[in-house]
Amino acid sequence: MPALLPNLRTVHRRLAALGLAGALTVPLGLAAPASASGPARSEAAPRPSTATGDSVANPVLTGPIARTTPVGDPAHGYPFLATDVDLKAAGYVEQEFFVSGTATGYATPGTGTATAVSMGNPYSTRIVVRRPVKARTFNGVVIAEWYNVSNQWDQEVDWFQSHEHLLREGYAWVGVSAQRAGVHSATGLKAWSPARYGALDVTAGGTINDDSLSYDIFSQAVKAVRSPAGADPLGELPPPRYVIATGHSQSAGRLANYYNGVQPLANVLDAVVLHGGGGPLRTDLATPVFRINSEGDVSSGILSAAARAQADSAVLTSWEVAGASHGDWKLIRDYGPLRKRDIGTYPGGYPGEPQTCTLPSLSRIPQHMVQNAVYDHTVAWVAHGVRPPAAPKIQMTNTTPPAVARDGLGVALGGIRLAQQEAPLRVNSGSNTGPGFCFLDGSSVPLADARLAELYPTVRSYADEVVGTTLADVEAGYIPRSFTRDPAWYSDIRDLIGEYAAAGRIAGPVASSLEDRLRHAERAGLAGDAPPAIAHLRQLAERADRHVEDDAARAGVLRVTEALIALLAEARKAEHKGR
C-alpha cells in the first residue's frame, strides 16, 4: 500500500486560488481573535456585556430538582430527555431547576417592537442546565436554547448538534421550556411525569394558550441565569459574561420574533443564533444575530425568500451549508436513543428503522461543524467586536420558482462546501419526498463503485481533495481549528465498514478487526492526541489492504482512512507551527 501524504503544493495552490490564505480563523472562548498565522492573544480583555436585563422580572428558581428514579425508569423521576453523554468524564454536570414568577404576554408584530397584551400572569416552568463543574474550565458563555416543540415535546436540537464542541470549549448550556406544547400537550412534560412536572404551567391556568407568555418566560429564565434569585443554576461558577440564545426551526421562528419585538425591551441577550429558519429581521438593534441554514432550509422555504434576501450587516451574518438538510444524520443518530427511551419510538430515518422516504433519508453533510464555528464567531463578535466572515450563498436556478442549482451528480452548487460535499462519496441533498418529515430530512444516496473509481482513480486523489477543501474551510473560518476532534470523521468510517459488512463485502472478523483499530484511533483523536490516532489508523489501513478481498470495498475503506490520516497530520503541523 503506498504511503498517502497530501500534496501540500496542491493544497496551498487551492487556498491561494480561493483567496483564503490570510483569512481569520475561528477564535475560541473569550480569547482575542487571531490571524491564520498565529495563536490567539489571550491578553486582550473581552468587552463587558451591555445586556442588562434591567426591565426583566427576576423569577424564583428552585432546585436542583432531585432525581427520584434511575434514568429510563418508567416512573420518569428524572429530567425528560436527560442526556446520555458522559458528562462526568467531560467535567460537566446536568441539573434541572423549576422557574416561577409572573409573566407579561406580548404581541410581536413582524419586525416591530412588541406590545404588552396582558400582565401579571403566574407561570411555572423548568430549565435544564449542563455546565462545567469547575470555574477554571468555564469559558464564561451560556448558550440558552429555546426548546423545539414541533413534535409536541421538548427537543434540544442545537445541543444534539454541537454538544461535543460546547463541552470541549467550556460553554454552559441551558434549555428553556417556554411553550405550551412542551409542557401541556398529550406528550408534554406534565403528562410524561405528573409527579415531577404536574405543577408546571405556562398558560396562566389554561387562560392563555397562544404562547404569548413564552417570550417573557424566556427572558426571565435568562435573567435567572445571569442574576439568580434563589438557587443558582450555575452553581459555583461565576456569573456568565455573555448569554447567547439559540433555537432551531420553529424555535428559530420564535427567536426571530423575540429578537425583533422583545429584545429591544428586555435587553437580556448578548446575541442570537437562528438555526434553520426565522423570518425577516430588523437591523436597527445593537444585538448581533447569526443565521445558519441548510440547503434544505433554502429549498423547502423554511427560510423565507424575504429573510434570505436580507444582506449581511453590522448586526446580521447569514451562512448557508450546501448539501445539508434541516434534520440530518447526526441529529437523528444522537437524538434517537433518547426518544426511544422517553417517548417509546425512534424518529424517522433512524438506522434499522423502516425507511419511508422516496430516497434514503438524512443528509450526512456534517453541518454541525459549521454550527460549532458559528457559536465561536458569535462569542468573538460580542467579546471583541470581530464580525464573522462572509460566506457565499447556495446557487439557485433562473426558473420560476427558483430551485437549487446542481452539478451533473446532483450535488448543490455554491454555499459553504464541506469536504463531504466537494469530494462526494454520496449525493447528499437537503431535499426528499415522502410522508411526514421527509421533506425536511433530505437525502443521502451512495455513489456506485464505478462512479467512485472514475471520480477518484487513486486513494490519494480523494485524500487530496478532502485535505484541500477542509483546510480551506478552516482558513475561511467556516469550521473550527479543532475540526479533527469531531467524532464525525470516525463515525463516517465506522458506518462505511458496517455497510460493507452488512452487504457481505467485508467478512465479519475483518470488519471487527478494523473497527477495533478505529475505536483506539477515535479515543486518541477526540482527545487531541494525533500521533497514536494516526498510528491506529495506519494499522486499520494496512489490515484493510491485506484482508478486504472486495476491491471496491477495500478502496472505499482506504479512501476515508487515508484522508483522515492526512488531516490529522496537517492539523498537527499547524499546531506545531502556531506554538
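Listed values, structure above:
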| read-out | value |
| --- | --- |
| Net charge of neighbours whose Cβ lies under 14 Å from the Cβ of residue 322, counting Lys and Arg as +1 and Asp and Glu as -1 | -2 |
| DSSP-loop trypsin sites (Lys or Arg not before Pro) across region 41-142, with at most 15 other Cβ within 10 angstrom | 88, 134 |
| Percentage, to the nearest whole number, of Cα pairs in region 355-445 over 17 Å apart | 60 percent |
| Å² per residue, accessible surface of the chain at 1.4 Å | 37 Å² |
| Per DSSP, loop trypsin sites (Lys or Arg not before Pro) in region 432-516 with at most 13 further Cβ within 10 Å | none |
| Gap separating the Cα centres of region 44-110 and region 177-254, nearest whole Å | 8 Å |
| Under 15 Å, Cβ to Cβ, from residue 373 - net charge with Lys/Arg +1 and Asp/Glu -1 | -2 |
| Rounded percent of accessible protein surface that carbon and sulfur make up, the chain, 1.4 Å probe | 55 percent |
| Kirkwood-type radius of region 34-146, with distances r between different C-alpha atoms, in Å | 18.4 Å |
| Proportion of all alpha-carbon pairs of region 468-509 beyond 17 Å (%) | 50 percent |
| Within region 363-434, trypsin sites (Lys or Arg not before Pro) in DSSP loop having at most 13 other beta-carbon neighbours inside 10 Å | none |
| Mean separation of Cα contacts under 8 Å (6+ apart) over length of the chain, as relative contact order % | 15 percent |
| Degrees between helix 329-342 axis and first principal axis of the chain (Cα, 0 to 90, nearest 10) | 50 degrees |
| Distant alpha-carbon pairs in the chain (separation over 40 angstrom), percent | 24 percent |
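The values are calculated or read from the model by the stated rules, or taken from the named source; none is laboratory data. For clarity, every value in this text was computed on a predicted model and none was experimentally measured. Note that we place each Cβ from the backbone using ideal geometry, even for glycine, and neighbour counts take in every protein chain shown. To get the accessible areas, we keep the full protein, side chains included, count just its heavy atoms, and leave off ligands, DNA and RNA. Shrake-Rupley method; radii C 1.70, N 1.55, O 1.52, S 1.80 Å.
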